[in-house]
């Protein structure tokens, strides 16, 4: 990820200090750059974590829609083939003109909520120009990258603050197909001018993560889904009478139709007014949507389920590779079902105020650790064979118990220190650096992990290290002699238990040309503090 602050300020397109006419700016979106901009919501860096923590409503729409629209497929796809055929499709591959990261065993889906006011009843949520046929142009209300692990057993949903100042790569204008030059701009401007193709390309260039598929949804889609489910019950500690969200509700339990539900999840002036409290309400609401859509009552009611799938299918747009692949849709749905089982985490990109404009944000350096965690989650875990009666069970060895000497076996200067820093951040105790030269002076083709032949437990410690290196090397007995050695100081504090590692054998990691990365399982506090686990949100009155 490049530091967005490194670009010259003169390339910056600053937004007006007053909100102005958002619809007028929308109308300009069809022309070549510069693209339109809008202001972030007021107080976005106030109580509750700011712009990134907004997790806007249409993100929840996208997630819920992707999950529940395939509920029928869990009981038999052929019965609902016609309903699935109603999914809107858009092929954008030909419009992505930048190099793309490689695909992996994981599944990465970009969820985009469009705040276009086109559609029945939606103009009331915007200004006068929203009543035009095209609703004055579409804009991204939300961008979330949903990362589903290769085993499809957990998911991370990363929210991108739409007022993030980033480097937008060259893209085709969605309307004119003219190539727009790279620029520093708000991340949502990629969608405003270049559509979903430019948004996908921007995310890929910033993170190095391949975006496999996308899902778009708008206000109408959200309302249709809730109505098709027969409404969703919520519970409030106090009543609501809010003109901004068009919502009036009494205290206690209420069953919300689509229109009321949209107002509820858009509600700001309630409780302490913080973004965090609003996010928790949205999480609870989404959990109810998913629970109801995957309940046995719905799945066994063929007419209701058919109508529901049709409503959901007509409310979203997907790439053809996803829309025409029911098996892949089922994978996403089954993963999202784990929201109530602790398998889904919602993460906001760690951010800080933009030094050039306090109304904008830039991403912290720690965001790189988040991208590394997603990129290194590429292997399908193999089941651990059960130990026989005659086999002594292995003792689990933690990273902080492993001492590592990192040797650079490549011709790339500084590679040993780079890898050592990655290991230290994951808790390993790096005790030294060095260089290892091959007889012919070329890079060692494959990374090696070695331990002393005399170390009785060396293989166990080496295996613990090997499990964190990509691609995974097979541990080998017998150490190599370094050509040079050097001391190493960790950039992060050592774990309190690291002292016990001094009694463990020192394992050598000889970095070869095939080395890709160290798995990232331990994220910095700036990421963890902006992470919400779905299962921890209690279903209580709010």
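Which of (1) outside any loop (DSSP other than H, G, I, E, B); (2) closer than 28 Å to residue 374 by Cβ; (3) touching a helix residue (DSSP H, G or I) at 6+ places or on another chain (Cβ under 9 Å) does residue 491 not meet, given it meets every other one? Every listed condition holds for residue 491 apart from (1).
Hey, does the stretch 74-93 have a residue that's under 21 Å from residue 189 (Cα atoms), modelled with pLDDT of 85 or more and crowded, with 17+ Cβ neighbours inside 10 Å? Yes: one or more hits. The residues in the stretch 233-265 that are within 28 Å of residue 143 (Cβ to Cβ), touching a residue at least 40 places away in the same chain (Cβ under 8 Å) and either assigned to a loop (DSSP other than H, G, I, E, B) or assigned by TED's automatic domain parsing to the domain that holds residue 198 (or both) can be counted, and the count is 1.
Looking across 328, 310, one residue alone is at pLDDT 70 or above, out of contact with any strand residue (DSSP E or B) (no Cβ under 8 Å at 6 or more places or on another chain) and assigned to a helix (DSSP H, G or I). It is 310.
Keeping to the stretch 255-284, report how many residues are in contact with a strand residue (DSSP E or B) (Cβ under 7 Å, 6 or more places away or on another chain), buried (at least 18 other Cβ atoms within 10 Å of the Cβ) and modelled with pLDDT of 80 or more. Residues in the stretch 255-284 being in contact with a strand residue (DSSP E or B) (Cβ under 7 Å, 6 or more places away or on another chain), buried (at least 18 other Cβ atoms within 10 Å of the Cβ) and modelled with pLDDT of 80 or more: 7 in total.
Considering 517, 496, the condition of being surrounded by fewer than 20 Cβ atoms within 10 Å (Cβ to Cβ), at pLDDT below 95 and either closer than 30 Å to residue 238 by Cβ or touching a strand residue (DSSP E or B) at 6+ places or on another chain (Cβ under 8 Å) (or both) is satisfied by 517 alone. Residues in the stretch 134-148 that are at pLDDT below 85, out of contact with any helix residue (DSSP H, G or I) (no Cβ under 6 Å at 6 or more places or on another chain) and closer than 23 Å to residue 523 by Cβ: 143 alone. Taking the stretch 382-421 as the range and being at pLDDT 80 or above and part of a loop (DSSP other than H, G, I, E, B) as the test, the residues that pass are 396, 397, 398, 402, 409, 410, 411, 412, 413, 414. The condition of being at pLDDT below 75 and more than 25 Å from residue 542 (Cβ to Cβ) does not hold for residue 289.
Assess whether residue 176 counts as being buried (at least 22 other Cβ atoms within 10 Å of the Cβ) and over 23 Å from residue 316 (Cβ atoms). No, not satisfied. Number of residues in the stretch 471-487 that are touching a helix residue (DSSP H, G or I) at 6+ places or on another chain (Cβ under 8 Å), assigned to a loop (DSSP other than H, G, I, E, B) and surrounded by fewer than 16 Cβ atoms within 10 Å (Cβ to Cβ) equals 2. Taking the stated definitions as given, is residue 444 in the same structural domain as residue 494 (by TED's automatic domain parsing), buried (at least 17 other Cβ atoms within 10 Å of the Cβ), over 16 Å from residue 479 (Cβ atoms) and modelled with pLDDT of 95 or more? No: the conditions fail for residue 444. Taken over the stretch 520-530, the criterion of being more than 30 Å from residue 409 (Cβ to Cβ) and either modelled with pLDDT under 75 or surrounded by 15 or more Cβ atoms within 10 Å (Cβ to Cβ) (or both) is satisfied by 526, 527, 530.
Listed here are the residues, each with its yes/no results for (1) under 23 Å from residue 371 (Cα atoms); (2) at pLDDT below 95.
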| residue | (1), (2) |
| --- | --- |
| 158 | yes, yes |
| 176 | no, yes |
| 202 | yes, no |
| 220 | no, yes |
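The values are calculated or read from the model by the stated rules, or taken from the named source; none is laboratory data. Just so it is clear, the structure is predicted and the values come from calculations on it, not from any experiment. Cβ atoms come from the backbone with ideal geometry, glycine included; neighbour counts cover every protein chain shown.
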